[in-house]
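The values are calculated or read from the model by the stated rules, or taken from the named source; none is laboratory data. These numbers come from a predicted model, not from an experiment. A quick note on method: Cβ atoms are made from the backbone with ideal geometry, for glycine too, and the neighbour counts reach across all protein chains shown.
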């Protein structure tokens, strides 16, 4: 049975063997700016929120940082330390052209009184009256 000419009704789709789930790995470097170096060393955990958004946030202990993505002019090479601690060698991992620049921000709770004032202001604001439609006629007529 055909819904339209050239189309065919399908009761069940075939196996998904032809589709592949391919995982892509992207490397991004983080620029923490003027963060105290002792803060990074003293943190045993961090929280990175919204990495795939325009403004990711990073939390180190009680410090909150807001980031922005930038594309680098050149390529940054990433290396890892050698597994053998007795040697001072590194091995190439990957390259990237993406960096997230972070700056420290302070988060403040919204005050309930401000929210109430905003609602009150909207309620007391005068309503606009609808204007009558008028036809504009050029002076030549």
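Out of 71, 75, I need the residue that is modelled with pLDDT of 80 or more and within 21 Å of the chain's Cα centre (by Cα). Which one?
Numbers: 75 fails: within 21 Å of the chain's Cα centre (by Cα).
So the residue among 71, 75 that is modelled with pLDDT of 80 or more and within 21 Å of the chain's Cα centre (by Cα) is 71.
Consider the range 57-84. How many of its residues are over 18 Å from residue 97 (Cα atoms) and either surrounded by 12 or more Cβ atoms within 10 Å (Cβ to Cβ) or in contact (Cβ under 8 Å) with a residue 24 or more places away in the chain (or both)?
Quick first cut of the range 57-84, residues over 18 Å from residue 97 (Cα atoms) only: 57-66, 81-84.
From what is left, the residues that are either surrounded by 12 or more Cβ atoms within 10 Å (Cβ to Cβ) or in contact (Cβ under 8 Å) with a residue 24 or more places away in the chain (or both) are 57-61, 63-66, 82.
Result for the range 57-84: 10.
Mind checking which pairs have a first residue in the range 1-16 that is part of a loop (DSSP other than H, G, I, E, B) and a second that is at pLDDT below 70, Cβ under 6 Å, 6 or more apart or different chains?
Sorted first by the residue in the range 1-16, then by its partner, the pairs are 8/2; 9/1.
What are the residues in the range 1-56 that are more than 30 Å from residue 104 (Cβ to Cβ) and either modelled with pLDDT of 80 or more or surrounded by 10 or more Cβ atoms within 10 Å (Cβ to Cβ) (or both), if any? Steps first, please.
Pass one, the range 1-56, residues more than 30 Å from residue 104 (Cβ to Cβ): 1-24.
Within the range 1-56, 23, 24 qualify.
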